[in-house]
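A.B. asks: What follows is a single structure, and I will ask about it in a moment.
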Amino acid sequence: MDPESIKFMGRKIVILQRLDHPNIIKLEGLVVSRTSCSLYLVFEYMEHNLTGLVALSSIKFIEPQDLDYSAAGNDAGTREKG
């Protein structure tokens, strides 16, 4: 992996660690595998996944949101439609 990709990944991990919002799943920690040289992100447990919820016709989302890619580093955030 090239150094620029590592820096990019590091910035994303720092952002995930700092996020504290009830609508965003929390990053609990990092696990490094020495045998496969892999990095795993450990998130808090979530009972459902978004894909599964969207597939259910009985679930209706009441607050539509768009992804807002800011000019500062193209970090994804959300903003409400209005």
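Throughout, read-outs are computed from the coordinates displayed, never taken from laboratory work. These figures come from a predicted structure and were not determined experimentally. Counting neighbours? That spans all protein chains shown, and the Cβs are built from the backbone with ideal geometry, glycine included.
A.B. asks: Peptides 29-39, 14-24: what's the order by average Cβ count within 10 Å, highest mean first?
C.D. replies: 14-24, 29-39
A.B. asks: So, in nm, how far is label GLU47 from label GLN17 when the simple model puts each one 7 Å beyond its Cα toward the Cβ?
C.D. replies: 3.1
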